[in-house]
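Just so it is clear, none of the values below were taken in a lab; they were calculated from the coordinates. Everything numeric here is computed off the predicted structure, so don't read it as measured data. Using ideal geometry, Cβ is built from the backbone for each residue, glycine included, and neighbour counts are taken over all protein chains shown.
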Amino acid sequence: MKHTRRTLLQGAAALTAPSFAASAAAKRPAGAASDDEAYWRDIAKAYDVKKDVINLENGYWGVMARPVAERYLENVKRVNHDNSYFARRSWREEHSAVLAQLAAALGAEEEEIAITRGATEALKGLIAGYNKLEPGEAVMYADLDYPEMIAMMDWRAAKSECAVVKVAIPEPSTHDGLVAFYKKALEDNPSVKLLLLTHISNRTGLAIPVKEIVAMARGRGVDCIVDAAHSWGQMDFNADDIGADFVGYNLHKWIGAPIGAGMIYIRKGRLADISPDPGAPDYDQDSVAGRIHTGTVDFAAILTLPEALKFHLDVGPAAKAARFSYLRNLWVEPVRGLARVDALSPDDPRLHAGITSFRLAGKTTPEENAAIAKRLLDEFNIFTVHRVGVAAGSCVRVTPALYNTPEDSLALAKALKAVSG
Ligand SMILES: Cc1ncc(COP(=O)(O)O)c(C=O)c1O
């Protein structure tokens, strides 16, 4: 990981008032260990969340920490008060300052990114705009990819008169096994020229070795579009660690920004391979922003991104990632000993973050898994969500957030012992 840009950003952030996370972090100058409960209790206090349920379903979006939520409300008031006088006079400059901070945090160039309303908008722009396919070629995606992106890949293939190759990611997987799996899939299907990769699967929590797969695919002349909706802020990496030329990110999941914020990334030199949005204005034709023309945006959400980034960086991307893994391991380790519970992300720390789904033996239908999630809620007060679409069967997803405690994970492990018995 390169930290130069991040350090610069932290330097800039230090000029503003210290945030909640910064003051908690100041007590632990070396960065918090994943089991430093005194520190994490302080961080958890920054989240005003429903406390009468154990919420282990934090994959939908990431709630804002209090300083971020407060700044957002201030920004809503400001935008509503100053209206177009703000938008027409200072928005441009303020937007570009936000872009600079995002680029710095990601280790990208400003001209390589644009802010979107979420990963969906970013990925739709990339898949719809990808213009290098020739009739008779093919696209590839896997069962663990996100349903709307799969639908977009089907659409892309049909438009370009290409075939679609669908693969099912082996369960369980290993780091080298995943690279070998994609290598063989591409060798077996030499007409594939575009590959969709999901960095962290929303269905099982599997984190694939994206950099290695992208490099292998590039060597075979295959472009990758990477769905990083769930990874930035949950794992610690920068743009080079992903290695892909085309990436869609979310900011309203693991960076903790207001809902309605994501990011599209197109590596310098590759812009021409993604056609502009047909509705993009002339002045955006030569920019990444022109690939996802959004129209009028939630100005307040975008103005709040520096506050969200500041909280994220003050806690520390590496400390966050380690804490998420720690909370995951606390329930996964005990259930590894249960014959009827299968935790679906591998224990190799490279292959998971905080999200991990489980499947009870023989329970593979959506209905059975919805019933298991309901039972966890009704009998154990634990909120999770069932997921479908995995080739090996449906499952129940568990996603801890920074406000969750080790007791939450242990309560789940205990509940799983009971429901699987
Ligand atoms: C893997 C993945 N890709 C894309 C998306 C879409 O993100 P959004 O709805 O925030 O645009 C999600 C949302 O959960 C996701 O999990």
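Based on DSSP H runs of at least 4 residues, each adding -39500 (n - 2.57), what is the mean residue ellipticity at 222 nm of the chain after dividing by all its residues, to the nearest 500 deg cm²/dmol?
Numbers: 15 runs with 183 residues, N = 421.
My calculation for the chain gives -13500 deg cm²/dmol from helical runs alone.
Quick one: compute the contact order of the range 315-406, relative version, from alpha carbon pairs under 8 angstrom and 6+ residues apart, as a percent.
Once normalised by length, the contact order is 29 percent.
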*Percent relative contact order of the chain, based on C-alpha pairs within less than 8 angstrom and at least six residues apart?*
23
*Any chance you could list P(r) for the range 376-421, counting all Cα-Cα pairs in 5 angstrom bins from zero, rounded to whole %?*
5, 18, 26, 26, 16, 9, 1
*Anyone know which of V68, V139, V297 comes out most mobile in the 10 Å Cα GNM of the chain?*
V297
*How many nm separate the modelled label positions at N80 and D52, each set 7 Å beyond the Cα in the direction of the Cβ?*
2.8
*In what order do R117, R41 fall by count of nearby beta-carbon atoms within 10 Å, going from fewest to most?*
R41, R117
*Once Rh for the range 92-309 is found with the Kirkwood sum over Cα pairs, what is the Stokes-Einstein diffusion coefficient at 10 °C and 1.306 mPa s, in µm²/s?*
91
*Quick one: of the DSSP bridges fully inside the range 92-309, what percent are antiparallel, nearest 5?*
40
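Of all DSSP beta bridges located in the chain, what percent are antiparallel, nearest 5? Present the calculation step by step, with values, prior to reporting the outcome.
Details: 20 of 41 bridges.
For the chain, the DSSP antiparallel bridge percentage is about 50.
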*What are the residues whose amide H is under 5 Å from the amide H of A142, where those residues sit 5 or more places off or on another chain and H is modelled from the backbone?*
V167
*Cα centroid separation - the range 289-355 against the range 241-264, whole Å*: 11
*Label D240 and H293 with points 7 Å out from Cα along Cα→Cβ: what is the distance between them in nm?*
3.6
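Please give the length that would be gained between N131 and T364 if that part of the chain were fully extended, namely 0.36 nm times their separation in residues minus their C-alpha to C-alpha distance (nm, one decimal). List each step's numbers first, then the result.
Values: separation 233, 0.36 × 233 = 83.88 nm, distance 3.83 nm.
This chain segment gains 80.1 nm when fully extended.
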*May I ask which of K253/K310; K363/K417; K193/K253; K253/K414 have a Cα-Cα span longer than 19 Å here?*
K193/K253; K253/K414
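State the volume of the convex hull built on the alpha-carbon positions of the chain, expressed per residue in Å³ and rounded to an integer. Let's see the in-between values first.
Values: hull volume 59.0 nm³, N = 421.
In the chain, the Cα hull volume divided by residue count equals 140 Å³.
Expressed as a rounded percentage, what relative contact order does the range 92-309 have, with Cα pairs under 8 Å and six or more residues apart? Let's see the in-between values first.
Working: 414 pairs, mean separation 60.4, N = 218.
Computed over the range 92-309, the figure is 28 percent.
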*Over 32 Å between Cα atoms, which of K51/K124; K166/K211; K166/K320; K132/K183 qualify?*
K51/K124; K166/K320
_Check which residues have an amide H placed less than 5 Å from V192's amide H, if you skip close sequence neighbours._
A138
_Two-site label geometry, A391 and E333: point separation in nm, points 7 Å out along Cα→Cβ_ = 3.3
_Mean-square fluctuation check for the chain, GNM, Cα pairs under 10 Å: which of W155, W40, W232 is largest?_
W155
*asked:* Mean-square fluctuation check for the chain, GNM, Cα pairs under 10 Å: which of A321, A38, A138 is largest?
replied: A38
